[in-house]
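Here is the structure we will look at.
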Amino acid sequence: MYRYIRQTIPKIDLKAKVTGKARYGGDIKLHGMVYGKTVYSKYPHAKILNIDTSKADNFPGVVAVLTMKDVMGNNELFGGFHVLTGDKVRFIGDGIALVLAKDLKTAEKAQKLVEVEYEVLPSVFNIDEALAEDAPIIHDFAPGNIIPDSTHHLIKGDLEKGLAEADFIFERTYQTQFIEHAYIEPEAVVAIADAYEEMVTVYGSIQNPFSVRGAVADALGWSLNQVRIIPSVIGGTFGGKDEIASTLSARAAVAAVKLGRPVKIILSREESILESPKRHPYRFYYKVGVKKDGTITAMKSTVIAQGGGYNNKAQFTNWRAAIHTSGAYRIPNIYTEVFGVFTNTIHGGAMRGFSSPQTIFGQESLMDELAEELGFNPVEFRQINALRPGDTTPTSQPLGPGKIPAPLPEMIKKVAEQTEFVKRKEEFSRINEGPIKHGIGMALAMRGAGLGGEGLDATGANVMIQRDGSVVVRTGLTENGQGLKTAHSQIVAEALGISLERIIYPNVDTMTVPDGGPTVASRGTMIGGRALLKACEEIKQNLFKVAGEMLDCSSVELEIRDEKIFSINNPEQSLDYLKVVDQAVSIGVMLASLQWFSPGVANLDHHTNQGEAFPTYVWGVVVAEVEVDTETGKVEVTKVVSAHDVGTAVNPEAIKGQVYGGIVMAQGMGVLEEVEEEDGILKSKNLDEYLIPTSMDMPEMEVIIVETDDAFGPYGAKSIGEPATEIPAAAIANAITHATGQRIRYLPYNLERVLLGHKLTKKGVRP
Ligand code: MOS
């Protein structure tokens, strides 16, 4: 019986957040602090001929104006971004100068006084323009505007043979949009230079402290041990405060070192939307072969991601897309090609799901279209083709007991039964006579858990018991609001057999733990948890050694539960945890452990992506119901039922919380959200023009937590953060299509598209 695992524990940082006491980056104020405001580009593509800072320099209250010449180290960051751009701008979010002033108001005024002379260059604004034969080139290192290293393949079986075996061949194209993360807290960082130690410390809304540390060190020309990154409490990130945090922190650190004063950069909402990355638009060209009995024989897909003016993620999101574009189906012959292109637009980056919401939209729209064409209902068709025990994944990893669990068939059945899918679909079709039409739709997915073959998935953990029995837990992973600290504390309390209240879990400090990689890919509980278990194991061994001597028994027969260390053979023989801790400290036994967990480098053929792409997978099935007003185009998402395989549910209510948030985020993707630009200039500038769902829009939601027997994660726990949001948009799109009888194939299914459907065309981006 677990004490903490599978228990709903309130989030350990809940009180500080709901009482407003939690300190975010924007709350930090320091003596002598100056405020930085960035001057952004006026054009999406232009040469910079001259930057005149004199007016801003002479403005009362301005301390300094920095340009690229002031960057002492490497001005070019990972992905081609610049600390400050000086020669050429590639999108309107390029930062050209940094104005530093005694207060924010002064900085904002002086921001407008920097004069930049441009020579405007021809631009490309979408995938087709970027790939046109005579297209202007955005980066010299990227001929044809193809993003370097962004091309990935998945090759399984023999595509041509598979297509030849099919009774029918279908071709379809789908496209998705740019989406803004719209976290509540806009970006804020504060850099403090320490001349005595020759160090710089950066606080703020930072999702990935270690890559930020690298960027700051690089920009200063310093070594990594001179840079200390300590994320503040984060008001949402969803992948967004990863790369932009590097740019902002590098800017602030350069200024702080230059001036010898603390520097704060805090973005307005407009600046945040302008400069931060977005969810990449993806386009999918599918060609698929199917037999009369509904079995899929082959699938070819060509997938193109729009990267924007810069890139530091498409090579990674595209790798994930290559693995997942053919879905969670038993398709023997697959050929997938994915690549990314630069455009003079806002840029794509990490966003919760990391390409999967896009691939699942394409894939699951296609599945519904195939079912319809062949005369199956969506449930039947998915049951025929869904992966099951005995099958192999698209990367040829075996599924089944003792291997990777494959619960899809039961999950489809359960969700279909619970939602009465087939019955409701027929009923809705019957009553859809008037202008208000009802629809129901299904979508499903598998998701590779963690980083897998995308990169090294290792992380460190540091657990220390103090003399009074209190415990300090640290990892290199960040609390982004997802509940990481709570889940990790549950794992530690369970493993050590102590009360959760004893644990304090400070935010990451890059000086106290090894580089734990980014807190992304729904890997926190799973990978961080494994490292924590190792640390707890070492500490327990030391505790038991001491207790064994005190009890005069062998340490291997000892166990700890509810803060009692006892002999398994003779449970009467027991000692209080605090007593053993005190004794251990007195005789000099260390009760601390720094551990490292790495699943190793994925055993994978990177040419075909056949092999162990991920250590394990999670599975999900979602059903959505909608009500569509065909006279206004308005879509009401009325109900969503989400079933997710989480391995072991560490904290069931926290999992539900993740799923509720994930559903609403997906609802935005499905029916509302699109960052719109015209010729590279933002039209969606703020949250009054860029609409996200509010509490008033939320559907009725039901979460089905599925547990599977999976040996990989700590106590069998896997992932929920991204799975929660990757599927519902596709289910909603399928439901709307059922209601209206019109498939749009372009997200979002917003008012205009639902109303005008295929008549609506959009330059260059509509398939
Ligand atoms: Mo993420 S999109 O894995 O931060």
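The values are calculated or read from the model by the stated rules, or taken from the named source; none is laboratory data. What you see is a predicted model, and the numbers here were worked out from it, not measured in a lab. Don't worry about glycine lacking a Cβ; one is built from the backbone with ideal geometry, like all the others, and counts go over all protein chains shown.
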(request) Specify which of the listed residues (1, 72, 33) is free of Cβ contacts under 8 Å to residues at least 24 places away in the same chain and either under 30 Å from residue 716 (Cα atoms) or not assigned by TED's automatic domain parsing to the domain that holds residue 652 (or both). (result) 1
(message) Checking residue 350 against (1) within 16 Å of the ligand (Cβ to nearest atom); (2) surrounded by fewer than 24 Cβ atoms within 10 Å (Cβ to Cβ): exactly one of these is not met. Which one?
(response) (2)
(request) Tally the residues that are assigned to a helix (DSSP H, G or I), free of Cβ contacts under 8 Å to residues at least 40 places away in the same chain and farther than 23 Å from residue 284 by Cα, restricting the search to region 352-408. (result) 1
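Against the definition (in contact with a strand residue (DSSP E or B) (Cβ under 6 Å, 6 or more places away or on another chain) and away from the ligand (no atom under 16 Å from the Cβ)), how does residue 393 come out, yes or no?
So residue 393 fails the test.
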(request) Need at least 3 residues that are of a type in the set (A, V, I, L, M, F, W, C) and either surrounded by fewer than 24 Cβ atoms within 10 Å (Cβ to Cβ) or within 16 Å of the ligand (Cβ to nearest atom) (or both) per element, so show me which helices (runs of 4 or more DSSP H) inside region 207-301 make the cut, counting only ones lying wholly within it. (result) 209-220, 243-259
(message) Between a residue in region 231-247 that is of a type in the set (D, E, K, R) and any residue that is assigned to a helix (DSSP H, G or I) and away from the ligand (no atom under 11 Å from the Cβ), which pairs come within a Cβ distance under 9 Å, given they are 6 or more apart or on different chains?
(response) 242/211; 242/212; 243/78; 243/79; 243/211; 243/215
(message) Against the definition (farther than 30 Å from residue 478 by Cβ, buried (at least 17 other Cβ atoms within 10 Å of the Cβ) and either in contact with a helix residue (DSSP H, G or I) (Cβ under 6 Å, 6 or more places away or on another chain) or not assigned by TED's automatic domain parsing to the domain that holds residue 361 (or both)), how does residue 626 come out, yes or no?
(response) yes
(request) Report, by residue number, each residue of region 726-767 that is of a type in the set (A, V, I, L, M, F, W, C), closer than 17 Å to residue 362 by Cα and modelled with pLDDT under 95. (result) 744, 765
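Of all the residues that make up region 209-268, how many are of a type in the set (S, T, N, Q), in contact with a strand residue (DSSP E or B) (Cβ under 8 Å, 6 or more places away or on another chain) and farther than 30 Å from residue 665 by Cα?
Taking region 209-268 and keeping what is of a type in the set (S, T, N, Q), we get 211, 223, 225-226, 232, 237, 246-247, 249, 268.
Next cut, in contact with a strand residue (DSSP E or B) (Cβ under 8 Å, 6 or more places away or on another chain) only: 226, 232, 247, 249.
Going one step further and asking which of them are farther than 30 Å from residue 665 by Cα, we end up with 226.
Of the residues in that region, 1 qualify.
Among the residues of region 582-595, which ones are in a strand (DSSP E or B) and either over 38 Å from the mean Cα position of the chain (by Cα) or not polar (S, T, N, Q) (or both)?
Across region 582-595, the qualifying residues are 592, 594.
I'm trying to understand the selection: among the residues of region 559-577, which are of a type in the set (A, V, I, L, M) and either outside the structural domain of residue 536 (by TED's automatic domain parsing) or in contact with a strand residue (DSSP E or B) (Cβ under 6 Å, 6 or more places away or on another chain) (or both)?
Within region 559-577, the first condition is being of a type in the set (A, V, I, L, M), and the residues that meet it are 560, 565, 568, 575.
Of everything in region 559-577, those that are of a type in the set (A, V, I, L, M) and either outside the structural domain of residue 536 (by TED's automatic domain parsing) or in contact with a strand residue (DSSP E or B) (Cβ under 6 Å, 6 or more places away or on another chain) (or both) turn out to be 565, 568, 575.
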(request) Show the residue pairs that are 6+ apart or on different chains and have beta-carbon atoms under 9 Å apart, the first residue being within region 190-207 and without any contact (Cβ under 8 Å) to a residue 60 or more places away in the chain, the second being hydroxyl-bearing (Ser, Thr, Tyr). (result) 194/201; 202/249
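Listed here are the residues, each with its yes/no results for (1) without any contact (Cβ under 8 Å) to a residue 40 or more places away in the chain; (2) on the phi > 0 side of the Ramachandran plot.
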| position | (1), (2) |
| --- | --- |
| 647 | no, yes |
| 650 | no, no |
| 657 | no, no |
| 661 | no, no |
| 674 | no, no |
| 679 | no, yes |
| 686 | no, no |
| 689 | yes, no |
